[in-house]
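None of the figures in this text is laboratory data; all of them are computed from the coordinates on show. For clarity, every value in this text was computed on a predicted model and none was experimentally measured. A quick note on method: Cβ atoms are made from the backbone with ideal geometry, for glycine too, and the neighbour counts reach across all protein chains shown.
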Amino acid sequence: MDTPDTPDTPDPREPLSAELHRLRSLTSIKWTMHGHEVLPAWVADMDLPPAPVIVDAVQRLAARGDFGYNFDAARQLPGAFAAWQERRHGWRPDTGRLRLFCDVMQAVQTALWLATEPGDGVVIFTPVYPPFLSSVSSTGRRIVDCPLDPDAGWRLDPDRLASAIDERTRVVLLCSPHNPTGRIFTPDELAAVAELAERHDLVVISDEIWGDLAHPGASFRPFASLGPVAAARTFTVGAASKAFNVAGLRCAVAHVGDERIEAGLAALPDHLLGAVGSPGAEATLAAWTQGEAWLEATREHLAAQRNHLASRLSDELPEVGFALPEATYLAWLDPRPYGLGDDPARWLLEHARVALSSGPDFGLHGAGYARLNFATSREILDEILDRVVAAIASR
């Protein structure tokens, strides 16, 4: 089955023009950044409609006119997150150490700010989500680049990490599962990070918002679940944003295991970081308490899309390097054998009228690569690939 047979995902029999008409009516940046002649597969939003339970929760809030100082859903989120993590990933975070944030990157940047001083080093495993890079450099901290190994399926090399750490390194910033490669780091890889963090007294900031989108045969493990020693130096960020396609509703949860960050948060002015809005809290609560069936159907669809993409690339663009992602709905493509330059996304935008994410934005080691988002309908994915194949064939 290519697409879940549920009313909240695109019908595989729907004409491409009808699906495009719906998507073109959206005002999100994915569908408004480029002209109507361009098919977007760049920013990490899904084209699937959100879960009905989420839509219902937000609509009920609006129907009640319940827009005052409403903290009811927000108060329930720590318990819902803890139960969700235990049920899905075998980790039961301490609800007393959970804190809500307005956004995932707000949480990450706050933790970076509190755990480091200007000039301190922050380990980043590249290529990586571009805001990780800008979050370090814009605050006067120093990027400690630790490239993943492309020849070993983007594995994390513990020896390379050990060599990268210097006397002013203070933080390991982990994207787990990894964006853009789709890797799920193995328990051994995570244990190596934990051991080095303990040896050098490093804080681990672990962005785990992709953890609910592991593909069949893969299993995600939260970093803090490695044990109490690892958990005590870890700041874990979670959200419903990627798995349930609600990034615009702005709600994140962080488990503050590290006492230094906890003390820093307590010292901040009480309104400096703001508070989660009621729609985001209601949507996230609905996702984690009622959205599991929708998520399972969506994961089935995404796995089918991933496999279809892999099959078409193998048949029609066999020289494109592509490691099958173990999680996410992102494909990290290496079309360098086709000579598309250091920024293949720019070339494909011009020649194929397809918008992918630019590889160089993911760091120095992203040159020659592009990221493709396959969280769409089968028809649109095929049209994207048809355009890419035709453009490369006509070079």
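So what is the calculated 222 nm ellipticity per residue for the chain, using -39500 (n - 2.57) for each DSSP H run with n of 4 or more, over all residues, to the nearest 500 deg cm²/dmol? Spell out each step's value before the answer.
Details: 14 runs with 160 residues, N = 395.
The helix-only estimate for the chain comes to -12500 deg cm²/dmol at 222 nm.
May I ask you to derive the relative contact order of region 56-290, considering only C-alpha pairs under 8 Å and at least 6 residues apart, and to give it as an integer percent? Provide the component values of the computation, followed by the final result.
Numbers: 399 pairs, mean separation 61.6, N = 235.
Once normalised by length, the contact order is 26 percent.
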Whole-Hz ³J(HN,Hα) from phi, Karplus 6.51 cos²θ - 1.76 cosθ + 1.60, for region 163-176, glycine and proline x: 6, 6, 5, 10, 5, 10, 6, 10, 9, 10, 9, 10, 10, 9
Additional length obtainable on full extension of the chain from Cys102 to Leu272, 0.36 nm per residue less Cα span: 60.1 nm
Relative contact order, percent, the chain [alpha-carbon distance under 8 Å, six or more residues apart]: 23
Residue with peak Gaussian network fluctuation, the chain [Cα springs, cutoff 10 Å], from Arg24, Arg306, Arg336: Arg24
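List the residue ranges in the chain for DSSP H helices whose C-alpha atoms run 15 angstrom or more along the long axis and whose Kyte-Doolittle average is -0.5 or above. Each step should come with its number before you reach the end.
Details: long enough: 52-64 (18 Å, 0.67); 72-89 (26 Å, -1.00); 104-115 (17 Å, 1.22); 187-200 (20 Å, -0.31); 278-290 (17 Å, -0.08); 292-316 (36 Å, -0.94); 378-393 (22 Å, 0.74).
Span-like helices here: 52-64, 104-115, 187-200, 278-290, 378-393.
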Within region 59-76: backbone nitrogen closer than 15 Å to the Thr289 label point (7 Å, Cα to C-beta): 59-61, 71-76
Paramagnetic reach from Val389 in region 311-326 [backbone N under 13 Å; point 7 Å along Cα→Cβ]: 311-319
Cβ crowding within 10 Å averaged over residues, with 262-275, 46-59 ranked highest first: 46-59, 262-275
Under 5 Å, built H, 5+ apart or other chain: amide partners of Thr169: Gly121
Per-selection metrics, region 286-368 (Cα): Rg and Dmax in Å: 15.6, 48
Size of region 338-386 as Cα extents on the principal axes (Å, biggest first): 33, 21, 15
For q = 0.14, 0.20 Å⁻¹, Debye-computed log10 I/I(0) when each Cα of region 119-253 counts as one equal scatterer: -0.62, -1.30
Shape box of region 56-290 [Cα atoms, principal axes, largest first, Å]: 57, 44, 31
Extension gain (nm, one decimal) between Glu319 and Asp151, 0.36 nm per residue minus Cα-Cα: 59.0 nm
Scattering curve values for the chain, log₁₀ I(q)/I(0), Debye with Cα scatterers, q = 0.13, 0.14 Å⁻¹: -1.13, -1.30
Sorted by Cβ neighbour density within 10 Å, fewest at the top, the residues Tyr69, Tyr338, Tyr329: Tyr69, Tyr338, Tyr329
GNM top mover of Ala252, Ala230, Ala293 - the chain, alpha-carbon springs below 10 Å: Ala293
Per-residue ³J(HN,Hα) for region 148-156, Karplus 6.51 cos²θ - 1.76 cosθ + 1.60, θ = phi - 60°, Hz, x for Gly and Pro: 6, 9, x, 6, 10, x, 6, 6, 8
Label-point separation in nm, Thr27 to Ser134, each point 7 Å along Cα→Cβ: 2.2
Scattering profile of region 157-233 at q = 0.11, 0.12, 0.26 Å⁻¹ [log10 I(q)/I(0), Debye over alpha-carbon scatterers]: -0.27, -0.32, -1.35
Note, ³J(HN,Hα) from phi for region 202-214, Karplus 6.51, -1.76, 1.60, rounded to Hz, x at Gly and Pro: 9, 7, 10, 9, 10, 8, 10, 6, 8, x, 7, 10, 6
